[in-house]
1. Please work out which residue is nearest to Thr103 (Cα to Cα), limiting yourself to the range 143-181 and to residues that are in a loop (DSSP other than H, G, I, E, B), more than 12 Å from the chain's Cα centre (by Cα) and small (Gly, Ala, Ser).
2. Which of the residues that make up the range 106-162 are of a type in the set (S, T, N, Q), under 22 Å from Glu181 (Cβ atoms) and surrounded by fewer than 18 Cβ atoms within 10 Å (Cβ to Cβ)?
3. Only residues that are in a strand (DSSP E or B) and free of Cβ contacts under 8 Å to residues at least 12 places away in the same chain: list them for the range 182-192, please.
Amino acid sequence: MKIKQQTLKGFECEIDDTEAFKKYYIKNAPLMHGHLLILKGIVNTELKVFLDEHNAIYVDANEQTLSTRKKRSTVVLDLPEIEIEAKIQEDEKKSSNLVYHRTIRSGEEIFEDNNLVFTGRINNGALIESSACIQVFGIIDGLIKCDGEYILLQNIGKGTVFFHGEELNALDFNGQLKLVEYKNAQIVIKEV
């Protein structure tokens, strides 16, 4: 047996008129074909037969619940450089930092409860997880999962960064160093 985790793209469809949805699907079939359709609302036998005839991949979300990542709203604020330096110094006093002055290679996995600092690139296929804080000063092409007080980064390339279970939007990180914190069940991004 082989099991792979995949990230799927899909369309969430709230259906209130079966015929209108069929027309929409036929018109947009090239765009929707091969993607997962997450159906809510009126999902009757007629609609299921229609989708089966068109070899559509679908899930009736009325019958099953899916575990999806919902993006929380993010806020970008200016943060004086003095505040970030104080936060890093305070963090260093609390626990030890593990510093990696090298590229983290593809296939390399780092699981730590300590604060992590990376001065080089995180390559595609690398996995980094920490329940503490993470600071990355290189490009992120791998996967990072952080559940600490904050994560400090500047450039998400082809990689993915999860902060407290939420995926950060790569477009928010364009090379400018930013501090990401989790406050009041909301992700807050501050420019450094």
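Derivation of every value follows stated rules applied to the coordinates shown; laboratory data play no part. Since the structure is predicted, the reported quantities are computational estimates derived from the model, not experimental observations. Methodologically, a virtual Cβ is constructed for each residue, glycine included, from the backbone with ideal geometry; neighbour enumeration extends over all protein chains shown.
1. Out of the qualifying residues, it is Gly157.
2. Asn114, Thr119, Ser131, Gln154, Thr160, listed by residue number.
3. Lys183
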